[in-house]
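Student: Quick one: structure below, then a few questions.
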Amino acid sequence: MDAVALTRTLLQFDTINPPGRERDCAHHAGAMLQEWGYKVEYHEYADRRTSVIARAGGGDAGNSDKKPLCLTGHLDVVALGTRKWSHDPFSGETAGDRLYGRGSSDMKAGVAAILIAARSMAKKLSGTPGVVIVLTAAEEGGCIGSKKLAETELLGKAGAIIVGEPTSNYPFVGHKGSLKFNASFRGVSAHGSMPHLGENAVYKAARAVGKLEAFDFKAKKHPIMGEPTINVGTFEGGSGVNLVPDLAKIGVDIRTVPGVDHKKLLQRIKQLLGKAEMEVFSDLPPVWTAPDDDWMQRVFEICQPVLGRKPKARTATYMTDAANLLKVYAGAPTVVLGPGEPQMAHQTDEYCSMERIGEAVALYEALIDDWCRRV
Ligand SMILES: [Zn+2]
């Protein structure tokens, strides 16, 4: 089986999140890895929400304490959306170089390329630092699977990370962090004709929104990622026009750059919002590896012939599981590199290029080989 055929097989598992149900897909991948000689472990943080961790080499490397190389991807995909698809989202229809399906680009093609590279390198890993393959559940909508995984001992060690998210095989040196929270403002209800008897929660929330719009991060501009951003995405409040509202709620999405300390930032926001009740539901730091890092330079060199030009330092627009994996693999240089088309992620009629899947397999093999031989 080649990586295109395997992508098609993976597309046939319905791992739409929510609800997720990654278990069957995870066990399919895990069984293959086991057959190829990998030591496979599973982690379920909830029923059928299954992640896979597979290792080869590593522990048996007698002559070096170099850590393994991690290759990671997520098994879940986003919903189909409301628009009608002109290609079946699960059967892997093709037209020209395009392979259609939900998750083709984001990112079952990436997972398939990781798996096929893992197969072809399996016999060459003994006595080397080796690899650890991490296939996660529940990446979409908050990187929950990797968050739960990072709370266990299962990840072990890794010295560098390749995230197979869609980049058209262009190596991205990181991505912004994310801090998302809801804030609730309480008031006192009264009749709309007698507002002086109440306390208007919508006014409180509105004043807070004004402050957030004018918020100064006081952060240094990052040379590649630029400035942090803030967006108030939701605003709810009040239950009737003739009532003084006693509750209003806002949802806020902050994207951070390296150098912004999330804890300190949250303290500043808390002060700004006064008595509001804050509920932080996503807190993921930025991911960044200096482009002149030794390994990143090797990645650039290995990608150059495929791209036809020397890569420049660029970062992805989306979040990845690396933000959680780095809690365990602290300090590991991290590249986001995968065969999917970034602009196809989450689209109707999502597709990926079959040529790029093959290229990604070759890139991953070369990167594993380079990592394991340069001890
Ligand atoms: Zn993705």
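Student: For the chain, report the accessible area per residue in Å² (1.4 Å probe, heavy atoms, rounded to an integer). List each step's numbers first, then the result.
Tutor: Values: 16730 Å² over 375 residues.
I get 45 Å² per residue for the chain.
Student: Provide the net charge surrounding residue 320, with neighbours chosen by a C-beta distance below 10 Å and charges set as Lys +1, Arg +1, Asp -1, Glu -1.
Tutor: Values: positive: none; negative: 139, 165, 321.
Here the count lands on -3.
Student: Evaluate the charge dipole of segment 188-296 about its Cα centre and quote only its size in Debye, nearest 20, assuming +1 on the Cβ of each Lys and Arg and -1 on the Cβ of each Asp and Glu.
Tutor: That gives a dipole near 460 debye.
Student: Looking at segment 1-93 from every direction and averaging, what is the projected area of its Cα convex hull in nm²? Could the numbers behind the result be given before it?
Tutor: Values: hull surface 30.9 nm².
Answer in nm², one decimal: 7.7.
Student: Can you list residues from other chains, or at least 5 along the same chain, whose modelled amide H is less than 5 Å from the amide H of residue 169?
Tutor: Counting only residues 5 or more places away or on other chains, the set is 338, 340.
Student: Per the Kirkwood formula on distinct C-alpha pairs, the Rh of segment 204-262 is how many angstrom?
Tutor: In segment 204-262 this quantity evaluates to 13.4 Å.
Student: Let me ask you something else. If the cut-off is a Cα-Cα distance under 20 Å, which lysines reach residue 218, setting aside same-chain residues fewer than 8 apart in sequence?
Tutor: 176, 180, 263, 264, 270
Student: For segment 47-121, take every pair of Cα atoms, bin their distances at 10 Å starting from 0, and report each bin as a whole percent.
Tutor: Going from the shortest bin to the longest, the percentages are 15, 35, 28, 14, 7, 1.
Student: Next question, about the same structure. Counting each DSSP H run of 4 or more residues in the chain as -39500 (n - 2.57), what helix-only mean residue ellipticity at 222 nm follows after dividing by all residues, to the nearest 500 deg cm²/dmol?
Tutor: Values: 9 runs with 108 residues, N = 375.
Calculated at 222 nm, the ellipticity per residue is -9000 deg cm²/dmol.
Student: Can you say what percent of the DSSP beta bridges in segment 45-194, counting only those with both residues inside, are antiparallel? Round to 5.
Tutor: Once the DSSP bridges in segment 45-194 are tallied, antiparallel ones form about 45 percent.
Student: Still on this model: Put +1 on the Cβ of every Lys and Arg and -1 on every Asp and Glu Cβ in segment 255-338; which of 286, 332, 269 then has its Cα farthest towards the positive end of the dipole?
Tutor: 269
Student: I've got another one for you. Let me check the size of the chain from its C-alpha atoms; what are the radius of gyration and Dmax in Å?
Tutor: 22.9, 81
Student: Something else now. For segment 242-326, what is one quarter of the convex hull surface built on the Cα atoms, given in nm²?
Tutor: Working: hull surface 36.8 nm².
Projected over every direction and averaged, the Cα hull of segment 242-326 covers 9.2 nm².
Student: So, R0 is 51 Å and r is the distance between the beta-carbons of residue 41 and residue 218; what FRET efficiency does that work out to, to 0.05? Please report the intermediate quantities before stating the final value.
Tutor: On the way: r = 44 Å, r/R0 = 0.86.
Given R0 = 51 Å and the Cβ-Cβ separation, E is 0.70.
Student: Quick one: pull the percentage of alpha-carbon pairs in segment 158-248 with a separation above 19 Å. If you can, show how the numbers build up before the last one.
Tutor: Working: 2485 of 4095 pairs.
So the pairs more than 19 Å apart make up 61 percent of the total in segment 158-248.
Student: Compare the Cα positions of 31, 160, 73 along the charge dipole of the chain (+1 at Cβ of Lys, Arg; -1 at Cβ of Asp, Glu; about the Cα centre) and return the one farthest towards the positive end.
Tutor: Working it through, the farthest residue towards the positive pole turns out to be 160.
Student: Could you look at segment 266-375 and say what percent of its accessible area is carbon and sulfur, using a 1.4 Å probe and all protein chains? Write down the numbers at each step before the final one.
Tutor: Values: 2500 of 5160 Å².
Of the solvent-accessible surface of segment 266-375, carbon and sulfur hold 49 percent.
Student: Treat every Asp and Glu Cβ in segment 1-148 as -1 and every Lys and Arg Cβ as +1, leave all other atoms uncharged, and give the resulting dipole magnitude about the Cα centre to the nearest 20 debye. Can you show the working numbers first?
Tutor: On the way: 19 positive and 17 negative charges, 40 e Å.
That gives segment 1-148 a dipole magnitude of about 200 debye.
Student: Relative to the compact globular guide of 2.2 N^0.38 Å, what is the alpha carbon radius of gyration of segment 102-217, as a ratio?
Tutor: For segment 102-217, the normalised Cα radius of gyration comes out at 1.81.
Student: Here's something else I'd like to know. Any idea what the dipole of the chain comes to, in debye rounded to 20, about its Cα centre with Lys/Arg Cβ at +1 and Asp/Glu Cβ at -1? Walk me through the numbers before you get to the answer.
Tutor: Working: 45 positive and 44 negative charges, 205 e Å.
Approximately 980 debye in magnitude.
Student: Could you give the DSSP H helices of the chain that reach 27 angstrom or more along their long axis (alpha carbon positions) and whose average Kyte-Doolittle hydropathy is no lower than -0.5? Intermediate results must be reported in sequence, preceding the final value.
Tutor: Numbers: long enough: 354-373 (29 Å, 0.07).
Correct list, ordered by number: 354-373.
The values are calculated or read from the model by the stated rules, or taken from the named source; none is laboratory data. Predicted, not measured: the structure shown is a model, and the values here were computed from it. Ideal geometry is used to build each Cβ from the backbone, glycine not excepted, and the neighbour counts take in all protein chains shown. Ligands, DNA and RNA are stripped out before the accessible areas are found, and what is left, the full protein with its side chains, is counted by its heavy atoms. Shrake-Rupley method; radii C 1.70, N 1.55, O 1.52, S 1.80 Å.
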